[in-house]
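Engineer: One structure follows; several queries about it will come next.
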Amino acid sequence: MAGEAAVGGLVEKARRLGGSEASPGSSFLTQGNAQRFARRLSQLRGAAMKLGQLLSMEGDDFLPPEVAEALSILRSDADAMPHDQLERCLVAEYGPDWASRFREFDFEPVAAASIGQVHAATATDGRDLALKIQYPGVAESVEADVDNLASALRLARLLPAELDLSGVLDEAKTQLRDEADYLGEAERLRRYGACVAGHGGLVVPRVHADLTTRRVLAMDRLRGVPLEDVCGPDHPQELRDRVGTLLYQLLFRELFEFRLVQSDPNFANYFWMAAEEKVGLLDMGATREVSERVSDHYRTLFRAGAAHDADTLREAALAIGFFEPGERSDRVEGLLELLQMGCEPLSAEGRYDFGATDLPARMRELSADLAFRRGFLQPPPPETLFLHRKLGGTFLLCARLRARVPVKALLEDATGGG
């Protein structure tokens with residue numbers, strides 16, 4: 001990967017030298033170069049693909065736009081396992097008579113992602129199941145894959161040399177280890193299901209312990225369509241508004257009530273179950289606990305942003321660790337401006353129209369100014385990275401849905417007032 005990117009950069013450099021006008025920016029940070037890199041990651045799967053996904057979700061804040069856009073392809077399906085490899089996985093987990101456990105087993109995966117792929121099956125007693133089956137070797141290769149990919153990104157010059165990614169890498173390793181532990185995910189699925197029990201608009205699949213192992217997670221199969229389908233013209237605005245409201249209501253409950261956040265908010269992890277008129281939550285692999293301290297600081301930050309209270313916003317940002325005491329004043333002011341801008345949906349009266357906003361573009365422009373003109377390249381504290389992925393991902397889901405959501409009212413409900 002690094003070699004391909006380096007060759008591509010040299011070719012681009014030669015092309016620019018031969019042209020009549022110099023092109024701005026690094027010759028290595030081209031769209032074609034970044035796309036080649038992303039395609040390789042999608043084939044590698046496992047930790048390499050997952051780190052690419054993490055970078056793609058966080059990328060608008062600190063990656064060049066060419067790299068962030070190219071890495072976005074990693075949010076879609078990965079390559080599936082060959083049939084014989086899949087069967088070896090089933091034998092390893094269930095034994096050579098694995099087929100006797102099922103009345104039906106569909107070898108064509110319903111979905112294939114970075115850590116594993118999902119298959120529909122019917123147990124011998126008639127239970128309708130979704131089986132998440134882990135790719136072989138993923139759990140054992142987390143540390144080496146993440147470190148090697150980071151080195152490749154540096155060698156290919158796809159990241160600024162001064163950017164400190166140590167926190168992101170540690171966070172990626174922690175999340176990957178958690179996601180590769182299917183017994184742990186089963187427990188998180190049960191815990192999360194208990195948190196949302198009784199919520200009329202949400203469904204979490206039950207775990208089937210007798211068919212769950214360290215490398216296979218057996219769950220109820222939810223019937224529905226990917227949430228992305230709700231973006232189409234066949235679905236009314238009222239439905240899109242309802243789904244967006246459910247997503248933000250859930251976000252605030254996760255952060256301030258459950259203190260348990262499903263931190264991978266992409267379309268593939270949600271189903272719209274039209275018959276039940278509910279949203280199904282499919283994947284708890286990236287579920288993370290939130291400390292009381294972090295929850296309280298974000299409550300303060302959000303409420304300060306909603307009220308345009310600059311002094312309290314500064315105090316909360318410092319307490320979270322967005323900047324260090326003694327940081328240059330122009331950098332701090334730029335960061336606070338960025339945070340206040342990010343709170344725009346929280347401060348809007350009535351319903352915030354996610355389909356009409358240009359907030360992401362404005363935040364990218366301000367982020368670029370903060371990073372490249374003012375030289376502020378400090379990523380957020382590692383313990384907040386998964387929260388930012390949830391916050392940004394929920395915003396992007398609602399933007400794709402073109403939903404109109406009473407975000408400020410939902411925040412007030414979740415935090416006990418305005």
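Engineer: For q values of 0.13, 0.14 Å⁻¹, compute log₁₀ I(q)/I(0) with the Debye formula on a Cα-only model of the stretch 223-418, without solvent.
Structural biologist: Computed log10 I(q)/I(0) values: -0.71, -0.83.
Engineer: Just how far, in whole angstrom, is the stretch 247-292 from the stretch 366-386 if you go by their alpha carbon centroids?
Structural biologist: Answer, in whole Å: 26.
Engineer: Moving on. In nanometres, what is the gap between the two model label sites at S166 and R190, each 7 Å from Cα along Cα-to-Cβ?
Structural biologist: 3.9 nm
Engineer: Let me ask something else about it. Using a Förster distance of 45 Å, how high is the FRET efficiency between E292 and E238, based on the Cβ-Cβ distance and rounded to 0.05?
Structural biologist: According to the calculation, E is roughly 0.75.
Engineer: Then there's this: On full extension of the chain, what length is gained from R259 through V91, given 0.36 nm per residue of separation minus the C-alpha to C-alpha distance?
Structural biologist: Full-extension gain reported as 56.7 nm.
Engineer: Okay, next question. Taking R0 as 45 Å, what FRET efficiency do you get between T174 and R402 from their Cβ-Cβ distance, rounded to the nearest 0.05?
Structural biologist: 0.85
Engineer: Classify the stretch 287-333: rounded, prolate or oblate, from the alpha-carbon gyration tensor (a ≥ b ≥ c, eigenvalue square roots; a/c under 1.5 rounded; otherwise prolate if a/b is larger than b/c)?
Structural biologist: Oblate, because a/c is 1.5 or more while a/b does not exceed b/c.
Engineer: When every alpha-carbon pair in the stretch 159-240 is counted, what percent end up more than 23 Å apart?
Structural biologist: 50 percent
Engineer: Take every Cα pair under 8 Å in the stretch 223-418 that's 6+ residues apart, average their separations, divide by the length, and report that relative contact order as a whole percent.
Structural biologist: 32 percent
Read the figures in this text as sums done on the coordinates, not as results from a lab. Computed from a predicted model, the values in this text were never measured in an experiment. Cβ coordinates were reconstructed from backbone atoms using ideal geometry, including for glycine residues, and neighbour counts include every protein chain displayed.
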